[in-house]
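A short worksheet on the structure shown next.
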């Protein structure tokens, strides 16, 4: 006797046009006894769509023993596949006569159909959740009992075992009760942050922390800001206890440990008055406004800054960072770090040549000195004046940090003179005064002007680089 063969459930590879499989014994009409699905696996979860014969696919069944072919009308995409499921009706259509020869062929066909039906049921059962074999009979009923029925569906309910674990029932969420809301004084508080009361999860009260309408700041126990000014024992979100100061009127407090001066209006700031409880307090001061106007930092109360006699220090340039630590024993703010390197910043230089010249430059601070780079483009012959360059921003060269100010003994930079298409010449930048540099030819004899060391004309240019110590700047 032959057993029903062929697939119960068959899946094609992704993006395959056709699916071929063996003819199924016991099947009399493949067009009605097969279900074809198009499975789309592009999303989560995947979706299965039942297809219609002739509209979505064609079915070719050849003579008995040869393959059956499902051919899709539209080629599946790269995320789609064909799924064919056997669906033979659960009916018994065989009839036997009480006389005559035994109908062996029709009998075997009926057995094949029965086997196919059993296979279908087995495949379905493999996709159904089941209780374990040794479960108590009271839970699933005896062979003649009612089993484990499910209740009628009701919206927004979920399935759960009952209190005795012998039936399934519908239940509502335990948190579906509308919480009672109360405030610290029996009512809600404007802008208060709520919290659950104890562990019951059925009542909410004010936490005692409020959010101000205008400053986005939480007032208790300290200020917590995304923007605005920190006061009291608070901190800025994502940072240390941060304070942004934009006017002289704003004060540094003992709760702050990072202070940013970000406005040209700030010229002076006073450190907080501290005492024994603040020994070891660390304070970082930053200047993030792009200029060279100094900000005077003054110690508060009787404190000193960096030694036992001084009471002030300065922040002088853009991106300067000063780190102080308070030492109670000497009532002294120690300067433990001063970061002074700044990025290159553009400025417009001025010099003694004023005719047929265009000046462009950039500067940066390195320690107690200024580095500069200047380009002078010529549109023709410049003035006959010696080439001198002003130190920018009314800054002053610190002569105390030069070995000598006699003559031109201090070489503070160099220049490159390009006679376009002809030759290039080298020169030196030398000290001439506390606010100017003068440029001499490479042998330090001839002073650079429009005819020395070369007659300068249109398209020629001069490149200058220098580094000078600045009065008032500290390393």
Subset of the range 276-299 (residues that are over 21 Å from residue 366 (Cβ atoms), surrounded by fewer than 16 Cβ atoms within 10 Å (Cβ to Cβ) and without any contact (Cβ under 8 Å) to a residue 40 or more places away in the chain): 277, 296, 298
Any hit, the range 73-80, residues being at pLDDT 85 or above, part of a strand (DSSP E or B), under 30 Å from residue 115 (Cα atoms) and in contact with a strand residue (DSSP E or B) (Cβ under 8 Å, 6 or more places away or on another chain): no
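Would you say residue 208 is modelled with pLDDT under 80 and either part of a loop (DSSP other than H, G, I, E, B) or within 30 Å of residue 33 (Cβ to Cβ) (or both)?
Numbers: modelled with pLDDT under 80: yes; either part of a loop (DSSP other than H, G, I, E, B) or within 30 Å of residue 33 (Cβ to Cβ) (or both): no.
No.
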Qualifying position, being at pLDDT below 80 and under 51 Å from the mean Cα position of the chain (by Cα), among 131, 50: 131
When residues of the range 447-464 are limited to those that are exposed (fewer than 14 other Cβ atoms within 10 Å of the Cβ) and at negative phi, the one modelled with the highest pLDDT: 458
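Conditions tested, residue by residue: (1) surrounded by 14 or more Cβ atoms within 10 Å (Cβ to Cβ); (2) part of a strand (DSSP E or B); (3) not assigned by TED's automatic domain parsing to the domain that holds residue 465.
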residue: 381; (1), (2), (3): yes, no, no
residue: 412; (1), (2), (3): yes, yes, no
residue: 418; (1), (2), (3): yes, yes, no
residue: 426; (1), (2), (3): no, yes, no
residue: 430; (1), (2), (3): yes, yes, no
For residue 310: the one exception among (1) touching a helix residue (DSSP H, G or I) at 6+ places or on another chain (Cβ under 9 Å); (2) without any contact (Cβ under 8 Å) to a residue 12 or more places away in the chain: (1)
Residue in the range 393-400 that is crowded, with 17+ Cβ neighbours inside 10 Å, within 30 Å of residue 290 (Cα to Cα) and either modelled with pLDDT of 90 or more or touching a helix residue (DSSP H, G or I) at 6+ places or on another chain (Cβ under 8 Å) (or both) present: yes
Residue that is closer than 19 Å to residue 474 by Cβ and either at pLDDT 90 or above or not assigned by TED's automatic domain parsing to the domain that holds residue 396 (or both), where the choices are 258, 264, 273, 323: 323
Unique residue being at pLDDT below 55 and either outside the structural domain of residue 322 (by TED's automatic domain parsing) or within 30 Å of residue 323 (Cα to Cα) (or both) when the list is 231, 189, 178: 231
Any chance residue 440 is in a strand (DSSP E or B), touching a strand residue (DSSP E or B) at 6+ places or on another chain (Cβ under 7 Å) and buried (at least 19 other Cβ atoms within 10 Å of the Cβ): yes
In the range 35-47, the residues that are touching a residue at least 24 places away in the same chain (Cβ under 8 Å) and either assigned to a loop (DSSP other than H, G, I, E, B) or under 37 Å from the mean Cα position of the chain (by Cα) (or both): 39, 40, 41, 42
One residue from 467, 401, 436 being in contact (Cβ under 8 Å) with a residue 40 or more places away in the chain, farther than 17 Å from residue 347 by Cβ and under 51 Å from the mean Cα position of the chain (by Cα): 401
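The values are calculated or read from the model by the stated rules, or taken from the named source; none is laboratory data. Nothing here was measured: the structure is a model prediction, and the numbers come from that model. All Cβ positions, even for glycine, are placed from backbone atoms using ideal geometry, and neighbour counts span all protein chains on display.
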